[in-house]
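Shown next, in structure tokens, is the structure this report addresses.
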Amino acid sequence: MTTLELKRLPDGRLCLGGIDDGWQWALARVPELLAGDQPPAVRERLLPEPSNNTAINRDWRELIAPELQALWKANYELMAADLARLEKDPEQPDCTRIIFPENHAAAWISAINQARLTLGARWNVTEADMNRPLRKLGRDPREHDILLIHLLASVLQLFIEASL
Amino acid sequence: MSTASPTLAPGVIETVTDKTKPALDRPWNVVVHNDPINLMTFVAMVFQRVFGYPRQKAERLMMEVHTRGRSIVWTGGREQAEHYVRILQQYHLWTTMEQVES
């Protein structure tokens, strides 16, 4: 895979470039993973009950959880819309790039992180799994998705560095 | 909300006993728990953004989450604690709140 690059253009927009077929696949998985119903393990990880107080937890389930779910949905839909605007990268042959407004960065960060956590919860990924060298990852679907968690971490890191 | 006053004999001043007062007044801790997926840089960035903590403090709290499994990142009134839990969960940090023990 190529090295992704996230840079700020003179007009303030952000440009994610150097996207080869592998990266295109990894980025496209983000909104795919987040659309639709999630298994209980994912819901429990993303929306854990906040306390041991029954009233607080009830308000949480009725008011806050739906609000967060709507916000997260808007985030991954915005990322999906940006991904639909891939264009040829003039600086890197065989690669594409995406240019988007700076205020989309928060939505990308949210969606990428949510996709990583979703995969982690689906497969019950542990600290030990995450610390294994990438070359030791196997080829079954779980190992494949652990690799995707790492790939998306490198994209997320680009966005974190750009926003600090 | 009811506006009725409790019935008290004239000249009697109602006092709040020590048994009931602490439960109402005790502050709440906002607790962030470790998970194997969230990036350490991301967690520290969120603490800086949400609480306005300086980088050093944000990184110290992040390391506490990582090494001890949890960290109390803020303590105060219930309403504000609920607000912070909501914001931290919005960032996908595994966050709960618990009332400080008396």
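Some notes on this structure:
- Residues of the stretch A:126-153 that turn out to be more than 12 Å from B:Ile37 (Cα to Cα) and either of a type in the set (S, T, N, Q) or in contact with an Asp or Glu (Cβ under 6 Å, 6 or more places away or on another chain) (or both), as a count: 1
- Once the stretch A:23-55 is narrowed to residues that are charged (D, E, K, R), out of contact with any strand residue (DSSP E or B) (no Cβ under 9 Å at 6 or more places or on another chain) and open to solvent by 60 Å² or more (accessible area, probe 1.4 Å), the residue that is farthest from A:Leu86 (Cα to Cα) is A:Glu44.
- Residues in the stretch B:76-102 that are more than 10 Å from chain A (Cβ to nearest Cβ) and over 17 Å from A:Ile56 (Cα atoms): B:Glu101, B:Ser102.
- When we screen A:Ala111, A:Ala121, A:Ala128, A:Ala115 for residues that are buried (at least 19 other Cβ atoms within 10 Å of the Cβ) and over 13 Å from the mean Cα position of the chain (by Cα), the only hit is A:Ala121.
- Among residues of the stretch B:56-81 that are more than 9 Å from B:Trp28 (Cα to Cα), those with a beta-carbon under 7 Å from a residue that is acidic (Asp, Glu) at least six positions away or on a different chain give the pairs B:Ser71/B:Glu64.
- Condition met for B:Glu101 (charged (D, E, K, R), open to solvent by 70 Å² or more (accessible area, probe 1.4 Å) and farther than 15 Å from B:Leu39 by Cα): yes
- Selected residue (criterion: farthest from the chain's Cα centre (by Cα)) from residues of the stretch A:94-104 that are buried (at least 19 other Cβ atoms within 10 Å of the Cβ) and among the hydrophobic types (A, V, I, L, M, F, W, C): A:Cys95
- Residue in the stretch B:25-34 that is at pLDDT below 95 and surrounded by fewer than 17 Cβ atoms within 10 Å (Cβ to Cβ) present: yes
Yes or no, residue by residue, for (1) within 13 Å of chain A (Cβ to nearest Cβ); (2) at positive phi; (3) outside any loop (DSSP other than H, G, I, E, B):
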site: B:Val32; (1), (2), (3): yes, no, yes
site: B:Asn38; (1), (2), (3): yes, no, no
site: B:Thr41; (1), (2), (3): yes, no, yes
site: B:Gln56; (1), (2), (3): no, no, yes
site: B:Ile72; (1), (2), (3): no, no, yes
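- Just one of the listed residues (A:Leu119, A:Leu148) is in contact with a helix residue (DSSP H, G or I) (Cβ under 7 Å, 6 or more places away or on another chain) and more than 11 Å from chain B (Cβ to nearest Cβ), namely A:Leu148.
The values are calculated or read from the model by the stated rules, or taken from the named source; none is laboratory data. Please read these numbers as outputs of a predicted model, since none were measured by experiment. Heads up, the Cβs are rebuilt from the backbone with ideal geometry, glycines too, and the neighbour counts pull from every protein chain shown. Accessible surface areas use protein heavy atoms only, side chains included; no ligands, DNA or RNA. Shrake-Rupley method; radii C 1.70, N 1.55, O 1.52, S 1.80 Å.
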